[in-house]
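Q: I'd like to ask some things about the structure below.
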Amino acid sequence: MGEMIQASCPCGYETREFCIGVGMEGPKPNPKCMVPAISRKTGKLVYRDFLKMKTPGTRTESLIFYNDPELHGNSAEGEIGFWEGFVIPATNLYCPNCKNFTMSFIEVALWD
Ligand SMILES: [Zn+2]
């Protein structure tokens with residue numbers, strides 16, 4: 001069971017809908033934890049499998065994950081749980097388009 005989320009910002013920026021959490025797709029044990037991050041190379045929002053990172057953390061050489069306070073605005077509120085220990089605020093997040101902390105993650109639907 002997981003959720004579909006979508007990022008959206010008042011500037012018009014939107015991502016595609018995206019599944020988070022552990023679903024029934026793929027053989028077990030093959031959990032995936034797809035999480036949003038900002039690519040330092042392109043400045044764009046990307047999704048990566050957090051579990052495949054060699055050193056799980058909030059940032060790597062080329063990526064800053066959205067659980068990093070650097071991508072959170074001062075009044076970030078709410079929380080969306082992606083995985084054990086990987087929780088990000090739902091609002092006031094860094095927008096890769098307008099560079100303001102005005103982006104939100106919206107829960108779109110449940111899936112399984
Ligand atoms: Zn924006």
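Q: Please list, in order along region 93-102, the HN-Hα scalar couplings obtained from phi with the Karplus expression 6.51 cos²θ - 1.76 cosθ + 1.60 (θ = phi - 60°), rounded to whole Hz, x for Gly and Pro.
A: 9, 4, 9, x, 8, 9, 6, 9, 8, 10
Q: Additional query: List the residues whose amide H sits under 5 Å from the amide H of Thr60, counting only those 5 or more places along or on another chain, with H placed 1.01 Å from N in the peptide plane.
A: Close amide H contacts, sequence-distant or interchain: Phe65.
Q: What's the exposure ranking of Tyr66, Tyr13, going from fewest to most Cβ atoms within 10 Å?
A: Tyr13, Tyr66
Q: Fully extended, how many nm does the chain gain between Cys11 and Ser62 (0.36 nm per residue separation, minus their Cα-Cα distance)?
A: Gain on stretching Cys11 to Ser62: 15.8 nm.
Q: Related question: Kindly put Val87, Val35 in sequence by how many other C-beta atoms sit within 10 Å of each C-beta, fewest to most.
A: Result, fewest neighbours first: Val87, Val35.
Q: Okay, next question. What residues qualify as long-range amide H neighbours of Met34, i.e. H under 5 Å apart, gap of 5 or more or another chain, H built at 1.01 Å from N?
A: Close amide H contacts, sequence-distant or interchain: Gly21, Phe50.
Taken together, the values in this text are just the output of simple stated rules run on the coordinates, not laboratory data. Fair warning: this is a prediction, and the values are worked out from it, not measured in the lab. So basically every Cβ, Gly included, is an ideal-geometry build from the backbone, and we count neighbours across all protein chains shown.
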